[in-house]
Amino acid sequence: MSTKTRQVIWGGKIMGVEMRAAGAREAAQKAIRAEAEAWSVRMEGYGGPAQPSPTIGRSLNGGLGWLEVECHRCKTRASLPLDAIRRPRDTPLWKLEASLKCRSCRKGRHAPPVHMIRLTETREITPYKWVHPDEDR
């Protein structure tokens, strides 16, 4: 067998393996996304952190990079970017709820807890826009 023939055979095998790997990655991403969306539905239904939950890294890999939360006291809602949370990527999402606090109704050192609502692909809630009191609205 000539060198050129071997190159064609191996080139075809490599291309086939790369195509199967791309298909497997796509299927895995769909499965991760379905798992994260199912967890979001359970969260909305139960009103609390459903377990087991996907990890931060799995949610980001599935394309759901925002966590929507609501304050218990003032009912303010916010969308938090998961990639900005300073925790290891293998941390389950339900473990974050205890450390999330409301900034809007903080008084001194006490800040009321928030509860998680769902995961979203994009920011659902726009951030608070500060307007100076002297400016026209």
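The values are calculated or read from the model by the stated rules, or taken from the named source; none is laboratory data. Please read all numbers here as calculations on a predicted model, not as lab measurements. Don't worry about glycine lacking a Cβ; one is built from the backbone with ideal geometry, like all the others, and counts go over all protein chains shown. Heads up: the accessible areas ignore ligands, DNA and RNA and are worked out on the full protein's heavy atoms, side chains in. Shrake-Rupley method; radii C 1.70, N 1.55, O 1.52, S 1.80 Å.
Only loop residues by DSSP count here, and only those with at most 12 other Cβ atoms within 10 Å; note down the chymotrypsin sites (Phe, Trp or Tyr not before Pro) in the stretch 20-108 that meet that. Show your work: numbers first, answer last.
Working: sites: W39, Y46, W66, W94; in loops: none.
When the chymotrypsin sites (Phe, Trp or Tyr not before Pro) of the stretch 20-108 are filtered for loop state and at most 12 Cβ neighbours within 10 Å, nothing remains.
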**Asked** What list of ³J(HN,Hα) values in whole Hz, one per residue of the stretch 14-20 in order, does the Karplus curve 6.51 cos²θ - 1.76 cosθ + 1.60 (θ = phi - 60°) give from phi, with Gly and Pro shown as x?
**Response** 4, 5, x, 5, 5, 5, 5
**Prompt:** Which cross-chain or sequence-distant (5 or more) residues have an amide H under 5 Å from the amide H of T91, H modelled 1.01 Å from N in plane?
**Reply:** I56, G57
**Item:** Carbon/sulfur fraction of accessible area - the stretch 61-129, other protein chains in place, 1.4 Å, %
**Value:** 49
**Complete:** To the nearest 20 debye, the stretch 16-107 has a Cα-centred charge dipole, built from +1 on Lys and Arg Cβ and -1 on Asp and Glu Cβ, of 540
**Asked** Which length gain, in nm to one decimal place, applies between H115 and E26 when the Cα-Cα distance is subtracted from 0.36 nm times their residue separation?
**Response** 28.9 nm
**Message:** Can you give me the distance in nm between label points at Q51 and K95, each placed 7 Å from the Cα along the Cα-to-Cβ direction?
**Reply:** 1.2
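Roughly how many Å² is the accessible area per residue of the stretch 38-88, as a whole number, for a 1.4 Å probe? Mind dumping the intermediate values first?
Working: 2690 Å² over 51 residues.
Per-residue value: 53 Å².
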**Complete:** Any residue on another chain or 5+ positions along whose placed amide H is under 5 Å from the amide H of R118 is listed here as E68
